[in-house]
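Read through the structure below, which is laid out as structure tokens, and then see the notes.
The values are calculated or read from the model by the stated rules, or taken from the named source; none is laboratory data. Just so you know, these numbers come straight off a predicted model, no measurement behind them. Quick reminder, even Gly has a Cβ in these numbers, built from the backbone with ideal geometry, and neighbours come from all protein chains shown. These area figures cover heavy atoms from the full protein model, side chains too; ligands, DNA and RNA do not enter into them. Shrake-Rupley method; radii C 1.70, N 1.55, O 1.52, S 1.80 Å.
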Amino acid sequence: MDPQLVVDKWPGTIFTVAIGAKSNEGGSRNEEIKIGGQNCLPLMFKEGVIAHPPQIAFEILDIPGVDLSEELVKVYGAALKDPLSWAQKCVQEFGAKLISVKMQGSHPDFGNRSPLESAKFIELLLKKVNAPLIITGSGDDANDSLVIPACSEAAKGERCLIGSAVQDSYKTLVASVLADGHSLIAESPIDINIAKQLNILISDMGLGLERIVINPTIGALGYGLEYAYSIMERARIAALAGDKTLACPFICFVGQEAWKTKEAKVNPEQGIIWETITATSLIQAGADLLVMQHPRAVSKVSQFMEQLFKK
Amino acid sequence: MAFSGLDIYKLLPKTNCRECGLATCLAFAMQLAKKTVGLEKCPFVSEESKNILEAQALPPIKQITIGVDDNHFDLGNETVLFRHEEKFRNQPGIGFVIEDSLTDAQITQRLNKINDFKFERVGQELKVNLVALKFSQNEKRYLEVVKLVLKQTLLPLVLICQEAQVLRQALVLAQTRAPVIFGANPENLNLIGALAKEFNAPLVVSAADIVALTKLTEELKTLGVKDLILDTGDKPVAEKIWDLTQLRRQALKKSNRALGYPSLVVVKQSDPYQEAIEATAYIAKYAGIILIQGLDSWEILSILTLRQDIYSDPQKPLQIEPKIYPVGLVTDKSPVLITTNFSLTYYTVLAEVEASKVPAYILSIDTQGMSVLTAWAADKFSAEYITKAVADAKVKELVKHNNLIIPGYVAMLSGDLEESSGCNIIVGPKEAAGIPSFLKNLS
Ligand code: SF4
């Protein structure tokens, strides 16, 4: 008897999350970008519908580039001195469809920028570029809890993706995101149970699961990538099997991690391929949104995705 | 899917004759399922049952050894679809295609590079595994190239040649190295199959889909060829991943023995980035041998690192021996840095201490392979633990100062640790990248 193909059909579907509101919805973005919506495992095109290919956002800071690797400094050049030109360069020169801004300036080590000033920066950024925005905190919990709500308000109605809510501190952020019509990044430390728990807590506050994106916290290639890889695979399998509380798309901050590594500093190609392979490997594990830094790495990953999604 | 005791019982004589030393056939079946007795203990089991039970005991994907001596490696014997279900066992072999149309000088140059591809990461050596020689049309040239390659590399070989005549001679030249034959297809099956049998060589079988592949492997099995490797030919990457996934599922979910062999893929991308992307995609999705062309060391390192990541054991993080490590020309004034015994953490710290050029001691604490924060949360990186390790390593005899440097992430340990160890605690940087400037400012 001829062998029959093993075709897995899953009962669950990943929620579709939209980022960016166009003018017909009261925003000023040029596009609405959707992620998620698939009902099969990554790249298993024959088993279901992969409604939206993974998307890539370019990451910038709200202050002149600090702590960036030499190669990134070279590729962005003078634009790094002014975050607004930096964002513009990403869009105009490198074709960025999404901008992810980290509010680094509010960190005590980088100037302690006030919530008010941070919010002003977001207003300016929204005027400068019309790509949908992702806004994330500096990592200083105390300041983030004031700065991010201020930024959220400044971008009211633009349907940004805002983060990050963590287990110990999510309430203020959820309230802001609800009030201002955004979506939320829920961050968990490579832990499927915390990811699930956090999603439940957030949705209990009234923010629907279709407005949550999970940041599973990743390591770069050679720096613990496999931990996130397996957590994402496990969570995605659980979600497709019917666990709605894990059925949110994944966001992975690939650029930050990849360019921090020793390998990325050896030569430009080594750095670019490090970011590239970190990204494509995580796509195989289920990543829906990749936040990247080097335009060549972005173009290599995009090329690969075109090949995958070619009809 | 292993047989349960009950499954086995159904195949036994059910006479309870006790010849096997157990009270009943059922008891014997239970022991057999646990593999605590062998089937040979029952003299009455039928031939038919014996065949079923023996086949059942084999791994669902055959383990195949490639090459000889120090450079040999195993493929197959995989048991899961996802690494978190247990682990992936045998790392895929990475090989380089060399065409016989190249000149001797070009080939030599390539082989030199290939021989040099050895990297060290987190205490493990990362190596490439194979050289694949591609026959184009000239028999004499191909045989020359085989000789040249045999002389210039010790890596196992793949002979990419579908002409039985040429292949036979190449096999004669290379037989002590146990080369892989690539390979058999529906047209040349009998001739190439016979050669594989004669030279006892692993054989790559190519057909476009699993139905055709199943037919070929069954025929080859009856011809007596034992070690097979499966190939579904050139296809776009998404289809290739689908094929590789099907092969793995057929073997594991359907116990389809005809497809229970490792697989091979050839990556044909001229851009090194796209080549690495595709190669790593196949590493994650079950490929057994991956043939590429690229020779840039940055590309190869990225491929080998991803392979190391994916094939690491999820249950057992890589660890180093917990003890005190001197770095550089240490003296009794050298600083002492404390970290975990999780390989990744230790080697990251080590690299930065080396980069600082400040001689120092690194005391690695037994955290059972957990990273700093995880270990701290699990109480494996506590003040007591560290104090004990400091005493065990006789730190106070090695250095005259009384300072310990702890990772920035566990600054909260300072007070307790100062009390329990009697040392001055200095809080170091959170990220290892901060170590060089930290150590320089310390002195
Ligand atoms: S020897 Fe065989 S038939 Fe006899 S009791 Fe043991 S298992 Fe049963």
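Specify the residue that is nearest to B:ILE52 (Cα to Cα); the eligible residues are those in region B:13-27 that are of a type in the set (A, V, I, L, M, F, W, C) and near the ligand (Cβ under 6 Å from one of its atoms).
The residue in question is B:CYS25.
Does B:LEU133 satisfy the criteria of being part of a strand (DSSP E or B) and buried (at least 20 other Cβ atoms within 10 Å of the Cβ)?
yes
Restricting attention to region A:293-311, which residues are of a type in the set (S, T, N, Q), facing another protein chain (nearest Cβ under 7 Å) and within 28 Å of A:ALA79 (Cα to Cα)?
Pass one, region A:293-311, residues of a type in the set (S, T, N, Q): A:293, A:299, A:302-303, A:307.
If we keep only those that are facing another protein chain (nearest Cβ under 7 Å) as well, we get A:303, A:307.
Passing the criteria: only A:GLN303.
Could you please find all residues in region B:28-41 being in contact with a helix residue (DSSP H, G or I) (Cβ under 6 Å, 6 or more places away or on another chain), modelled with pLDDT of 90 or more and either near the ligand (Cβ under 9 Å from one of its atoms) or not assigned by TED's automatic domain parsing to the domain that holds B:THR15 (or both)?
B:ALA29
Could you please find all residues in region B:260-279 being within 11 Å of chain A (Cβ to nearest Cβ) and either modelled with pLDDT under 95 or touching a strand residue (DSSP E or B) at 6+ places or on another chain (Cβ under 6 Å) (or both)?
Residues satisfying the conditions are B:GLU275, B:ALA279.
I need the helices (runs of 4 or more DSSP H) fully contained in region B:221-319, keeping only those with at least 2 residues that are of a type in the set (A, V, I, L, M) and closer than 19 Å to B:ALA207 by Cα. Step through it out loud before you land on a result.
On the way: elements: B:237-253, B:272-284, B:297-310.
Where helices (runs of 4 or more DSSP H) fall fully within region B:221-319 and carry at least 2 residues being of a type in the set (A, V, I, L, M) and closer than 19 Å to B:ALA207 by Cα, they are B:237-253.
Would you point out which residue out of B:LYS50, B:LYS10 is open to solvent by 90 Å² or more (accessible area, probe 1.4 Å), within 16 Å of the ligand (Cβ to nearest atom), of a type in the set (Lys, Arg) and away from chain A (no Cβ under 14 Å)?
B:LYS10
Could you check region B:130-188 and list, in sequence order, the residues that are among the β-branched types (Val, Ile, Thr) and touching a residue at least 60 places away in the same chain (Cβ under 8 Å)?
B:VAL158, B:ILE160, B:THR176, B:VAL180
Which residue out of B:THR108, B:THR79 is touching a residue at least 40 places away in the same chain (Cβ under 8 Å), more than 16 Å from the ligand (Cβ to nearest atom), part of a loop (DSSP other than H, G, I, E, B) and not aromatic (Phe, Trp, Tyr)?
Step by step, each of B:THR108, B:THR79 is checked, and only B:THR79 is touching a residue at least 40 places away in the same chain (Cβ under 8 Å), more than 16 Å from the ligand (Cβ to nearest atom), part of a loop (DSSP other than H, G, I, E, B) and not aromatic (Phe, Trp, Tyr).
State all residues of region B:302-344 that are of a type in the set (A, V, I, L, M, F, W, C), out of contact with any helix residue (DSSP H, G or I) (no Cβ under 7 Å at 6 or more places or on another chain) and facing another protein chain (nearest Cβ under 9 Å); if no residue qualifies, say none.
B:LEU344
Only one of A:SER230, A:SER281 is touching a residue at least 12 places away in the same chain (Cβ under 8 Å), within 17 Å of the chain's Cα centre (by Cα) and within 7 Å of chain B (Cβ to nearest Cβ); which?
Only one candidate passes the filter, namely A:SER281.
Mind telling me which of the residues B:LEU291, B:LEU318 ends up being on the phi < 0 side of the Ramachandran plot and surrounded by 22 or more Cβ atoms within 10 Å (Cβ to Cβ)? I'd like the intermediate steps shown before the answer.
Working: B:LEU318 fails: surrounded by 22 or more Cβ atoms within 10 Å (Cβ to Cβ).
B:LEU291 is the lone residue from the list that is on the phi < 0 side of the Ramachandran plot and surrounded by 22 or more Cβ atoms within 10 Å (Cβ to Cβ).
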